[in-house]
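The values are calculated or read from the model by the stated rules, or taken from the named source; none is laboratory data. This is a predicted model, so every value here is computed, not measured. Cβ coordinates were reconstructed from backbone atoms using ideal geometry, including for glycine residues, and neighbour counts include every protein chain displayed.
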Amino acid sequence: MTDTTRSQGSRRRIALERTFDAPVEDVWELWTTKAGVESWWGPEGFQVEVHAIDARPGGEVRYAMRATGAAQIEAMRRAGMPLVTEARFTYRELVRHRRLTTFHAVDFVPGVAAYEVETAVELHPGPSGVRMVVTIDAMHDAHWTEMARRGWESQLDKAMRLLSARRG
């Protein structure tokens, strides 16, 4: 796992890396199918239900993220946020089994005007599995950027456990 930051234009970027002992097709499926997204998307203590998925450039994924863990429910309540958030992201680029980019609508932060963050995913199949590098835009401030980084770490760990369990 690596966690590095770099700048692209005026927005800071954060790169997270995992290597999965799984076929590249299985890793790709996590990003491009309803069952795949629902199986790992969202940090621990949250569950996702995909309402629609259109895995092509310009296609959207619309979903609801629900706080299900006691600590997460309490944190959402303290922050004045709903326990269920309707969300969406748009695929901008898909190169099958190699790369995809998405833009995620950030329209759920109380008191902050809606904006988008980019996520770039690179898959590097090799003899020891698939190395996945996820590069995300920083959010509007340091606190929310750190929360996003932690959320991504959590959901990538969920993906790791899921793919490991599939391999037996």
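Observations on the structure shown:
- Residue within region 130-139 that is under 21 Å from Val37 (Cβ atoms), in contact with a His (Cβ under 9 Å, 6 or more places away or on another chain) and hydroxyl-bearing (Ser, Thr, Tyr) present: no
- From Thr19, Thr90, residue being touching a Lys or Arg at 6+ places or on another chain (Cβ under 7 Å), part of a strand (DSSP E or B) and of a type outside the set (Asp, Glu): Thr19
- Selection of first residues in region 27-46 that are free of Cβ contacts under 8 Å to residues at least 24 places away in the same chain and among the charged types (D, E, K, R) and of second residues that are buried (at least 19 other Cβ atoms within 10 Å of the Cβ) and in a helix (DSSP H, G or I), restricted to Cβ pairs under 7 Å at least 6 apart or on distinct chains, gives the following pairs, ordered by first then second residue: Glu29/Gly36.
- Candidates are the residues of region 76-87 that are of a type in the set (D, E, K, R) and not in a strand (DSSP E or B); the one that is farthest from Thr33 (Cα to Cα) is Arg78.
- Test result for Ala70, over 14 Å from Thr33 (Cβ atoms), surrounded by fewer than 16 Cβ atoms within 10 Å (Cβ to Cβ) and modelled with pLDDT of 95 or more: yes
- When Val50 is tested against (1) farther than 28 Å from Arg167 by Cβ; (2) of a type in the set (A, V, I, L, M, F, W, C); (3) surrounded by 13 or more Cβ atoms within 10 Å (Cβ to Cβ); (4) modelled with pLDDT of 95 or more, only condition (1) is not met.
- Identity of the residue in region 116-143, exposed (fewer than 15 other Cβ atoms within 10 Å of the Cβ) and closer than 15 Å to Glu25 by Cβ, that ends up nearest to the chain's Cα centre (by Cα): His124
- Any chance Val95 is modelled with pLDDT of 95 or more, farther than 17 Å from Val37 by Cα and in contact with a helix residue (DSSP H, G or I) (Cβ under 9 Å, 6 or more places away or on another chain): no
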